[in-house]
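The values are calculated or read from the model by the stated rules, or taken from the named source; none is laboratory data. What you are looking at is a predicted structure, and each value in this text was computed from that prediction instead of being measured. When we count neighbours, we look across all protein chains shown, and the Cβ atoms used for this are built from the backbone with ideal geometry, even at glycine.
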Amino acid sequence: MEEIIEEIVDNVVILNEQPEFRADVDENISANFFIVCEQTFSGLEKNIYEYDICGTSLLNWVARACDKQPMVLRCNEDEIISTIKPYLNGAEYSVVLYANTPLVNKQHLKDLLGFVSVRHMNALKLKKGYVFRNEYIKNVDEIYSIDTYDFSSNDFFEVKTTEDLELAREYLFNKLVKFHNQNGVFFDNANLISVDANVEIGYASKISTNVSILGNSVLGNNVEVLENVLIKNSKIGSDVKIGEGSMILNSVVKDGTVIGAGCVIDGSVIGNNCNVASKVTMISSGVKSNSNILECTSLDNARIAEDVSIGRFCVILGDETPAVVSRGTEIGHNSKVVACKIDENVKIPSNKSISRNVHLGEKL
């Protein structure tokens, strides 16, 4: 027996269906949750439960259905009772799930516990999994003649092959789309997008075709994302517009900001109500509120304060320390600022190259 150390993601999306039995909403049934990982030998590169669906592994899809973080174990079928006994922790029931059943549903597990409780059952075998009453299994080493009950049978669909994986992916992706639609999100064509399981999208947001929103990204309300955009592990505020073909990676874009077409924003923070024109590149930089950056400008390790205006084809570049452009400064087109600080309200003409600190009133 070997315990598996596995990061379990927090539940973000709850995928509900109409169950065949509905537990009393006031009923509080305590339970331990266990996920069994069975090693597979089907010619795949890795165990089937390690494969991803919509950005999270099959194992984590199962974990998302549990009311609390499960214990994840590797054991044989005939070792389940002896394996879980040391971890019962005073709860009334134990739910044993399998890591390759990613369609299990949070609400259905609650209903399943209600079903077992109302019928005062000691043990129930599911299509793939078990429910045990803990006081019962504490006193037995093996359970004989346990009945199988097809409670929410489709939820316990077992993924064994790549074909099963594709079926599960289609089912879960459709569930994600339905969830977002019910929360007021509009997709131009859901068949031409990618949205990971941990993504959050706010009310009245509109997502165009060929958009990928991946990782742990969060989009606020009334966000408009145009065609061919990639957003990954980023936080987008409300009332933001992102132009076609742009990439937002590991970044924060705050409320009311407009990002033009073909931009690359990586490891950066953009404040409220900024305007970032098309084909701007921003790497490891910060831009505060109400600033304006025109086309084809490049920022790398730069710190841009409030109310700054930067013209077209500019380069703002830091080295060991960031390049700093202070509040209210204006930088003309095709200028370059390298590894220095520009004070507040300075006006730098077009076609200038600046590599020293500049104070207000200095001749350039």
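Filtering Ile231, Ile316 for residues that are in contact (Cβ under 8 Å) with a residue 24 or more places away in the chain and assigned to a strand (DSSP E or B) leaves a single hit, Ile316.
Results for (1) surrounded by fewer than 20 Cβ atoms within 10 Å (Cβ to Cβ); (2) of a type in the set (A, V, I, L, M); (3) not assigned by TED's automatic domain parsing to the domain that holds Gly271, shown as yes or no for each residue.
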| position | (1), (2), (3) |
| --- | --- |
| Glu295 | yes, no, no |
| Asp300 | yes, no, no |
| Asp307 | yes, no, no |
| Asp319 | yes, no, no |
| Arg327 | yes, no, no |
| Val338 | yes, yes, no |
| Leu364 | yes, yes, yes |
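Checking Phe21, Phe34, Phe41 one by one, the residue that is assigned to a strand (DSSP E or B), of a type in the set (A, V, I, L, M, F, W, C) and either at pLDDT below 85 or closer than 19 Å to Val116 by Cα (or both) is Phe34 and no other. Listed by position, the strands (runs of 3 or more DSSP E) contained in region 115-223 that have at least 2 residues being under 17 Å from the mean Cα position of the chain (by Cα), more than 30 Å from Asn89 (Cβ to Cβ) and hydrophobic (A, V, I, L, M, F, W, C) are 193-195, 211-214. Here Phe187 does not qualify as touching a residue at least 40 places away in the same chain (Cβ under 8 Å) and either surrounded by 18 or more Cβ atoms within 10 Å (Cβ to Cβ) or among the acidic types (Asp, Glu) (or both).
The residue pairs whose first member lies in region 23-34 and is over 16 Å from Tyr130 (Cα atoms), whose second member is basic (Lys, Arg) and modelled with pLDDT of 50 or more, and whose beta carbons are closer than 6 Å, counting only pairs six or more residues apart or on different chains, are Ala23/Lys110. Selection of region 61-93 for residues being among the hydroxyl-bearing types (Ser, Thr, Tyr) and either in contact with a helix residue (DSSP H, G or I) (Cβ under 8 Å, 6 or more places away or on another chain) or not assigned by TED's automatic domain parsing to the domain that holds Ser117 (or both) yields only Tyr93. Criterion applied to Lys106, Lys138, Lys127 was being charged (D, E, K, R) and closer than 25 Å to Leu44 by Cα, and the one residue passing it is Lys127. Residues that are buried (at least 23 other Cβ atoms within 10 Å of the Cβ) and part of a loop (DSSP other than H, G, I, E, B) are absent from region 51-63 altogether. Here Val12 does not qualify as in contact with a strand residue (DSSP E or B) (Cβ under 8 Å, 6 or more places away or on another chain) and at pLDDT 90 or above.
The C-beta contact set for region 102-126 (first residue assigned by TED's automatic domain parsing to the domain that holds Asn28 and surrounded by fewer than 18 Cβ atoms within 10 Å (Cβ to Cβ), second residue at pLDDT 90 or above and assigned to a loop (DSSP other than H, G, I, E, B), distance under 6 angstrom, 6+ apart or interchain) comprises Lys106/Ala65. Evaluation of Lys235 against the conditions (1) more than 24 Å from Ile193 (Cβ to Cβ); (2) surrounded by fewer than 19 Cβ atoms within 10 Å (Cβ to Cβ) shows that the sole unmet condition is (1).
Total residues in region 74-104 satisfying the condition of being outside any helix (DSSP H, G or I), closer than 17 Å to Lys128 by Cβ and at pLDDT 90 or above: the figure is 11.
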